[in-house]
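The values are calculated or read from the model by the stated rules, or taken from the named source; none is laboratory data. Keep in mind that this is a model prediction, so the values were computed, not measured. Positions of Cβ are backbone-derived with ideal geometry, glycine not excepted, and every protein chain shown enters the neighbour counts. In case anyone asks, the SASA skips ligands and DNA or RNA and just uses the protein heavy atoms, side chains included. Shrake-Rupley method; radii C 1.70, N 1.55, O 1.52, S 1.80 Å.
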Protein chains: 2
Amino acid sequence: MKPAYSRRQFVKDIAASGITLSAIHAPLQIFASPKKDIVRIGMIATGLRGQSHLEEFLKRNDVEVVAMADPDKGMMADAQKLVAQYKKKAPAEYTNGNYDYRNLLKRDDVDAVIIASPWEWHVEQAIDAMHAGKIAGVEVCGAIKLQDCFDVVKAHQQTKISIMMMENVCYRRDVMAVLNMVQQGMFGEILHLQGGYQHDLRGVLFNDGKTPYDSGVEFGAKGYSEAKWRTNHYVTRNAELYPTHGLGPVATMININRGNRLTALSSVSTKAKGLHRYIVNYPGSGGENNSNAKVKFKEGDVVTTQIQTANGETIVLTHDTSSPRPYNLGFRVQGTNGLWIDNRAGEPEAGLIYFEDKSPEKHTWENTKKYMDEYDHPLWKRYSKDAEGAGHGGMDFFVDNAFIECIKRNVEFPLDVYDLATWYSITPLSEKSIEEGGTLQHIPDFTDGKWEARKPVFGSEIY
Amino acid sequence: MKPAYSRRQFVKDIAASGITLSAIHAPLQIFASPKKDIVRIGMIATGLRGQSHLEEFLKRNDVEVVAMADPDKGMMADAQKLVAQYKKKAPAEYTNGNYDYRNLLKRDDVDAVIIASPWEWHVEQAIDAMHAGKIAGVEVCGAIKLQDCFDVVKAHQQTKISIMMMENVCYRRDVMAVLNMVQQGMFGEILHLQGGYQHDLRGVLFNDGKTPYDSGVEFGAKGYSEAKWRTNHYVTRNAELYPTHGLGPVATMININRGNRLTALSSVSTKAKGLHRYIVNYPGSGGENNSNAKVKFKEGDVVTTQIQTANGETIVLTHDTSSPRPYNLGFRVQGTNGLWIDNRAGEPEAGLIYFEDKSPEKHTWENTKKYMDEYDHPLWKRYSKDAEGAGHGGMDFFVDNAFIECIKRNVEFPLDVYDLATWYSITPLSEKSIEEGGTLQHIPDFTDGKWEARKPVFGSEIY
């Protein structure tokens, strides 16, 4: 006979997990600025990712995009076209080289900026924004070096200006439904989590220099959009290059930096074969004689990272972007009462789930659809109409909405500078671990002890 | 446009992967003994696992079970009952304490023994067998201490007697079909592999002392079968306790100890919550007041191990046996041309698979059924009738058949003492890694350099 899961056990699981039901705290008022009805935005970088944020803002009546900075005049023209399509006033332009964004930051009529530039610019621009008194929403990536993570926290502490970590996957519908289930204690006490970036990016890392996807084998100076800069990281580094899509969602589930923290990691990497093979194999412009076939890529095709936490959970991250594979962020959430795994791209029926107290057949997976519907997060219920048509299956609406609503209400961001520093730090720490053959690396406490008292805020009904 | 996978690329992938098609070498003649028609077997341990091997042997005309050793007279009686059911001659009994097996080893009429005792006995008994001149088939587990792995190899080198690592999952039908696909180069060059032991064992680790499964919360002296000894390991150790079901199958796919080797690992463990929760929650005999509710279990509920190889692949192993979950060994095999993942228990339709050159839709999983049928391993095609009704979905037939056929033909075992030492070593190395907070551990080369020249032999059509 299998023991039945009882209400008594449920209450025990909850007690053990440290969750109090409805424990998501009302965010604190933290900005120096007063509440506002309209948020005046400056765009820092107007490439494809910047344009995606721009379009979310253009749809809204509570946002004015007043200025945009990008040294790439082609991307700037495309961004202005988008503004015109929405019949909004053309924002001022800053296209005079890489540092013209600093002139945008001097404007009195900008409340906040979105930083959607190439990875190597994020931290410098975020720090500049804070010193200029501008709130910043900073796109995802990993830090170039560990010191960057300390520097961005220091700038926040000096200026008291807040920044938001713009991790859209934290807002994926199935991820938020699972967060809801976690916060209701359905998984029991959380033990183990997995996530990653398992996405065949070969057609993004290389193109024909004119169109972004699946169009050739050029990169760097001859590439277009991400191929222009992202691919270079694969030449010079071997690391968990893109940790936050996998880590962010599971970090919110175990209250990282808010009662818990990441303590250590170790990373291993496979050989690097996929990008060279792609170039050599590409019909037409590819082949052995293409000059890029001589490039030696350093980034291993699959990078795996084991992370430990203060509260005794473990996390495994996978970076897998150079091989042919279906898209799958590979989430797994496992607790003492059940587990969820995700095999596809977030479709409600694409996962497998099992709860000891709920699943009708012992030792047998259930399809996720029923649970994704029943535990659809209140935020998604509230905004699903507004999210229709937004980028990445609606996620982009939520991350931009959170950014704007927090500024309007003058409350703290659900994903903040400490989350940014912690999540970004995975990249240089994993790089060092791999370089040293897979050694253990301690993850700094960027909150300097404040994680113990800070309360969870991600997953409110409003943002 | 996505590049098409060409015949030319296929040949390149194969060249890169170091595979020559049909590269599985004819095993070498290695035993000192001559070929034989009948193999005379001694059973060391006649518990439930031993009885399972025993039954496979009783079905065969080329095996005589001449003696059996086990200090547990109840298990011995059950084993003799099984022999009687098959109307075979009752084997001699050795039940006089833990070391009576040594008297069995002295018999002149025993060619080989099967060691299916509790884990802590495997290495000592295998070494004793070799020194007594008996070939041994040794059941799966991890070593108690690293020195055991060196000792077992040394005994082999001193005595020239061979032992077989009895890893049945290497023979699982879907696993062998995937091995077939790997050996045909369909995955391209292999990059990353995963496996594990993800099996809710709570109902095995605890029972009522009379029946083996799901019957109570006793273990140790008051437990029955595995609960009698296996559970103690969860009290005293925190390690990848059971590495071989996950590691063995993927090790054969990348020719570990035969052109490749495991070089290093690091392990992390979650907190230990599941077994205590099971005891406390068990209806009737369980509860807070049961004395076992006071036991502090050391083994973390989920243990993850990252392994690196000489040829640049990585392997992730998961040990997850203390939580409610559907059974799933969690295999993943990924190469430059495709990947396979396994979500259930080996059913041909239960996995997901993708090949760049074969899958009809780009970036889209296929169901595994078609491939499992088309690439069904020649060994399974040959023996599927014989395997019907054998333990663990037929796998047990194959592992026992390989053991017997190799002895009869006087050829080397497909899984040998070096595989045993290497796979067993994961347990003490992971234990040390976890104890030290997740540090990197180097995996010894038990072949002492011979791995470079040794040729792959696992996956022939005969055994």
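Projecting the Cα atoms of B:S225, B:L262, B:L205 onto the charge dipole of the stretch B:200-281 (Cβ charges, centred on the Cα centre) puts B:L262 farthest toward the positive pole. Could you give me D for the stretch A:316-408, from Stokes-Einstein at 10 °C and 1.306 mPa s, where the hydrodynamic radius is the Kirkwood radius over C-alpha pairs? Units µm² s⁻¹, please. The estimated diffusion coefficient comes to 102 µm²/s. Plainly put, the tip 7 Å out from Cα toward Cβ on A:K73 is 9.9 nm from that tip on each other copy, the closest given first. Normalised by the number of residues in chain A, the average gap of Cα pairs under 8 Å and 6 or more apart makes the relative contact order 21 percent. The slack in the chain from B:E435 to B:E288, taken as 0.36 nm per residue of separation less the alpha-carbon distance, amounts to 50.0 nm.
Reported value for chain A: 143 Å³ per residue, from the convex hull of its C-alpha atoms. In the stretch B:419-444, burial by the other protein chains removes 50 Å² or more of accessible area from B:L440, compared with the chain on its own (1.4 Å probe, ligands and nucleic acids ignored).
With the convex hull of the Cα atoms taken as the outline of the stretch B:158-220, the averaged projected area works out to 8.7 nm².
Summarising the label geometry, the points placed 7 Å from Cα in the beta-carbon direction at A:D109 and B:N96 lie 10.2 nm from one another.
Between B:D386 and B:Q184, full extension at 0.36 nm per residue minus the direct alpha carbon distance yields a gain of 70.1 nm. Residue of chain B with the Cβ closest to the rotation axis carrying B onto A, and that distance rounded to whole Å: B:S266, 2.
In the stretch A:297-327, comparing the full protein assembly with the chain on its own, the residues that lose 50 Å² or more of accessible surface at a 1.4 Å probe are A:Q306, A:Q308, A:T314, A:P324, A:R325, A:P326.
Each label was represented as a point 7 Å from its Cα along the Cα-to-Cβ direction; for A:D448 and A:A221 these points are 4.4 nm apart. The phi torsions of the stretch B:191-196, fed into the Karplus equation with coefficients 6.51, -1.76 and 1.60 and a -60° offset, translate into couplings of 10, 9, 9, 9, x, x Hz, rounded to whole numbers, with Gly and Pro shown as x. What's the carbon and sulfur percent of chain A's accessible surface, probe 1.4 angstrom, rounded to a whole number? Carbon-and-sulfur percentage of accessible area, whole number: 51. Taking the Kirkwood radius as Rh and the Cα radius of gyration as Rg, the stretch B:305-463 has a ratio of Rg/Rh equal to 0.98. Once you reduce the stretch B:394-461 and the stretch A:252-327 to the center of their Cα atoms, the two points are 29 Å from each other. For the stretch A:60-139, would you read off the P(r) tail past 19 Å as a percentage of all alpha carbon pairs? Of the Cα pairs, 35 percent sit more than 19 Å apart. Hydrophobic, long helices, defined as DSSP H runs whose alpha-carbon span along the helix axis is 20 Å or greater and whose mean Kyte-Doolittle value is at least -1.0, occur in chain A at A:146-159, A:395-409, A:417-435. Return the loop-located GluC sites (Glu not before Pro) in the stretch A:418-463 (DSSP other than H, G, I, E, B) with at most 16 other Cβ atoms within 10 Å of their own Cβ; answer none if there are none. Of the GluC sites (Glu not before Pro), the ones in loops of the stretch A:418-463 whose Cβ has at most 16 other Cβ atoms within 10 Å are A:E436, A:E461.
Only sites in a loop by DSSP and with at most 14 other Cβ atoms within 10 Å count here; which GluC sites (Glu not before Pro) in the stretch B:274-371 make the cut? Those satisfying the criteria are B:E288, B:E349, B:E361. Measuring against 31 Å, Cα to Cα, the residue pairs A:K145/A:K296; B:K210/B:K381; A:K106/A:K296; A:K81/A:K154 contain B:K210/B:K381; A:K106/A:K296; A:K81/A:K154 as the ones spanning a longer distance. Inter-copy label distances for A:Q85: 7.1 nm (label point placed 7 Å from Cα along Cα→Cβ; shortest first). Taking every DSSP bridge with both residues inside the stretch B:231-323, close to 95 percent are antiparallel. Going by accessible surface with a 1.4 Å probe and the largest first, A:W229, A:W380 read A:W229, A:W380. Using the Cβ-Cβ distance between A:Q158 and A:E374 with R0 = 56 Å, the FRET efficiency computed as 1/(1 + (r/R0)^6) comes to roughly 0.75.
Note on A:K87/B:K298: beta-carbon distance plugged into 1/(1 + (r/R0)^6) with R0 of 60 Å gives a FRET efficiency of 0.35. The share of C-alpha pairs in the protein assembly as shown whose separation exceeds 46 Å stands at 30 percent. Dipole magnitude for chain B: about 160 debye, using +1 per Lys or Arg Cβ and -1 per Asp or Glu Cβ, origin at the Cα centre. When the helices of chain B are scored as -39500 (n - 2.57) per DSSP H run of n ≥ 4 and the total is divided over every residue, the value at 222 nm lands at -10500 deg cm²/dmol.
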